[in-house]
1. Which is under 15 Å from the mean Cα position of the chain (by Cα) and either closer than 25 Å to Leu29 by Cα or in contact (Cβ under 8 Å) with a residue 24 or more places away in the chain (or both), of Ala107, Ala59?
2. Hand me the list of strands (runs of 3 or more DSSP E) wholly inside the range 1-92 holding 2 or more residues that are aliphatic (A, V, I, L, M) and modelled with pLDDT of 85 or more.
3. From the set of residues in the range 69-88 that are under 15 Å from Val159 (Cβ atoms) and small (Gly, Ala, Ser), which is least open to solvent (accessible area, probe 1.4 Å)?
4. I want to confirm something. Restricting to the range 100-124 and keeping residues that are touching a helix residue (DSSP H, G or I) at 6+ places or on another chain (Cβ under 8 Å) and either open to solvent by less than 30 Å² (accessible area, probe 1.4 Å) or not in a loop (DSSP other than H, G, I, E, B) (or both), which single residue is farthest from Gln52 (Cα to Cα)?
5. Please pick out the residue among Asp102, Asp64, Asp122, Asp86 that is within 16 Å of the chain's Cα centre (by Cα) and of a type in the set (D, E, K, R).
Amino acid sequence: MRPTLTGLLVCALALSGASALAHADPAPLPLVSLTTIPDGWSQRTDLRPVLQVFADGKAVHMPDAVSKDRKPETAPKQVTGKVAADVISAALEEINALAETDFGMPAGDNRGTQIIDLMPDDPTDEAHLVVYSPEASDGLNPEQKAARKRFTDLYKKLVDAFKS
């Protein structure tokens with residue numbers, strides 16, 4: 001009887017520990033995430049964001065996330081740091097301003113993709129900006145070219161604002 005009771009006690013403790021882990025708060029999602037998918041990387045499954053910015057300004061930069069020299073089985077280097085609150089605020093305004101923008105689809109083969117994801121606490125306020133073939137402009141009208149420039153400037157501004 002004693003081994004049975006001990007076994008039941010061990011199971012109860014294990015289950016309550018597992019339950020506590022299952023109910024733990026998940027890691028916070030980044031507020032803004034910047035991702036580049038280089039030309040020719042459509043088959044790679046190891047893509048990671050170049051930069052993740054959290055609501056409190058903390059940030060994780062992965063400078064070699066899109067390096068052709070990084071082997072698929074090697075995780076990208078992660079550098080933690082911050083992005084200034086004023087830069088985040090301006091970026092949020094620009095992301096929301098670009099949320100319904102037509103970035104166009106250039107003529108020719110897909111030559112990579114760049115993505116800016118805004119993921120606030122309220123999912124109805126999410127925005128996902130996607131620019132296909134960011135270096136191409138064949139077949140785009142002037143408004144689409146201007147929108148792509150704004151996107152590129154925003155992407156660069158956020159990456160450049162990262163301080164470790």
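1. It is Ala59.
2. The strands (runs of 3 or more DSSP E) meeting that bar are 32-37, 51-53, 58-61.
3. Gly81
4. Going through the qualifying residues, I end up with Gly104.
5. Of the residues listed, the single one that is within 16 Å of the chain's Cα centre (by Cα) and of a type in the set (D, E, K, R) is Asp64.
The values are calculated or read from the model by the stated rules, or taken from the named source; none is laboratory data. These numbers were taken from a predicted model, which means no experiment stands behind them. With ideal geometry, Cβ positions are generated from the backbone for all residues, glycine too; neighbour counts draw on all protein chains shown. All accessible areas refer to the heavy atoms of the entire protein, side chains included, with ligands and DNA or RNA removed. Shrake-Rupley method; radii C 1.70, N 1.55, O 1.52, S 1.80 Å.
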